[in-house]
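> The structure follows.
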Amino acid sequence: QVQLVESGGGAVQAGGSLRLSCAASGSITSIYAMRWYRQAPGKQRELVAAITSRGSTNYADSVKGRFTTSRDNAKNMVYLQMNSLKPEDTAIYYCNADLIRTGTYYRRDYWGQGTQVTVSS
């Protein structure tokens, strides 16, 4: 079994900050890319940030300069530091990991259950 569990969501005012965490647990052999997605009401899920196992990152244009993703490979954790939050950042944020589960030999995506971020103006 593999689980991804997000934490750190909440409600903040515009201009505030939040830090999301995602812990991957279970029988994991290797984790490759880890990503953050978000989905606002009535909108499609969109990629916010991604980080490779070596630490290379990329971001959606809408969050560049405000959000930073990082990871701790020893702990199977990924983080999303969100600064200068805007009301349009309001969404459910999902963690995603591309990994190999122990006992298998193929990569597949796993998803967390999501954490709500609400930014008020």
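The values are calculated or read from the model by the stated rules, or taken from the named source; none is laboratory data. Quick caveat: nothing in here was measured; it's all calculated off a predicted structure. Neighbour counts are summed over all protein chains in view; Cβ atoms, including those assigned to glycine, are modelled from backbone coordinates with ideal geometry. Each accessible area value is taken on the protein alone, full model and side chains, heavy atoms only, with ligands, DNA and RNA left out. Shrake-Rupley method; radii C 1.70, N 1.55, O 1.52, S 1.80 Å.
> Out of (1) open to solvent by 40 Å² or more (accessible area, probe 1.4 Å); (2) of a type outside the set (Asp, Glu); (3) more than 12 Å from the chain's Cα centre (by Cα), the odd one out for Tyr59 is which?
All conditions pass for Tyr59, except number (3).
> For the stretch 34-50, which positions are aliphatic (A, V, I, L, M) and open to solvent by 20 Å² or more (accessible area, probe 1.4 Å)?
Correct list: Ala40, Leu47.
> Here is a further query. Where residues in the stretch 70-92 are surrounded by 21 or more Cβ atoms within 10 Å (Cβ to Cβ) and among the hydrophobic types (A, V, I, L, M, F, W, C), which of them is nearest to Asn58 (Cα to Cα)? Outline the logic, then answer.
Filtering the stretch 70-92 for residues surrounded by 21 or more Cβ atoms within 10 Å (Cβ to Cβ) gives 71, 78, 80, 82, 85, 89, 91.
Still in the list and also among the hydrophobic types (A, V, I, L, M, F, W, C): 78, 80, 82, 85, 91.
Details: Val78: 14, Leu80: 12, Met82: 14, Leu85: 18, Ala91: 20 Å.
Checked the stretch 70-92; the qualifying residue nearest to Asn58 (Cα to Cα) is Leu80.
> If you check every pair at least six apart or on different chains, which have Cβ atoms under 7 Å apart with a residue in the stretch 37-51 that is assigned to a strand (DSSP E or B) first and a residue that is open to solvent by less than 80 Å² (accessible area, probe 1.4 Å) and among the acidic types (Asp, Glu) second?
Sorted first by the residue in the stretch 37-51, then by its partner, the pairs are Tyr37/Glu46; Arg38/Glu46.
> Please specify each residue of the stretch 93-114 satisfying the condition of being touching a Ser or Thr at 6+ places or on another chain (Cβ under 7 Å) and open to solvent by 20 Å² or more (accessible area, probe 1.4 Å).
Those that are touching a Ser or Thr at 6+ places or on another chain (Cβ under 7 Å) and open to solvent by 20 Å² or more (accessible area, probe 1.4 Å): Ile100, Arg101, Thr102, Gly103.
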